[in-house]
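*Asks:* The following block contains the structure, expressed as structure tokens.
The values are calculated or read from the model by the stated rules, or taken from the named source; none is laboratory data. Values in this document were obtained by computation on a predicted structure and should not be read as measured data. Positions of Cβ are generated from backbone atoms using ideal geometry, with glycine treated the same way; all protein chains shown enter the neighbour counts. Each accessible area value is taken on the protein alone, full model and side chains, heavy atoms only, with ligands, DNA and RNA left out. Shrake-Rupley method; radii C 1.70, N 1.55, O 1.52, S 1.80 Å.
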Amino acid sequence: MALQIDERRHGAVTVLHPAGPVTAEDAAALLDRVCDAAGRSLGRIVVDVAAAPFVDSAGLEALLGAPAPM
């Protein structure tokens, strides 16, 4: 199952909702989406992983590798 990432705005905050397991094959795409969203929302971003039943070490690394000003 490919990772689906829904994006919604709540005022000045962008919320990303990855749905499905976040694995090594999806980590780069997740990091790209997080960085892109952060750039468009002045760093005000939330990644809601409630719909991600599993996040492997590469997925965690992608989230931790996102720019610090987020």
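*Asks:* Search segment 28-56 for residues being over 18 Å from ASP6 (Cβ atoms), in contact (Cβ under 8 Å) with a residue 12 or more places away in the chain and of a type in the set (Gly, Ala, Ser), and hand back the single one that is most open to solvent (accessible area, probe 1.4 Å).
*Replies:* Here the answer is ALA28.
*Asks:* Right, here's the next one. Is it the case that segment 12-23 has a residue that's open to solvent by 60 Å² or more (accessible area, probe 1.4 Å) and either touching an Asp or Glu at 6+ places or on another chain (Cβ under 7 Å) or without any contact (Cβ under 8 Å) to a residue 40 or more places away in the chain (or both)?
*Replies:* Going residue by residue through segment 12-23, those that are open to solvent by 60 Å² or more (accessible area, probe 1.4 Å) are none.
No, segment 12-23 has no match at all.
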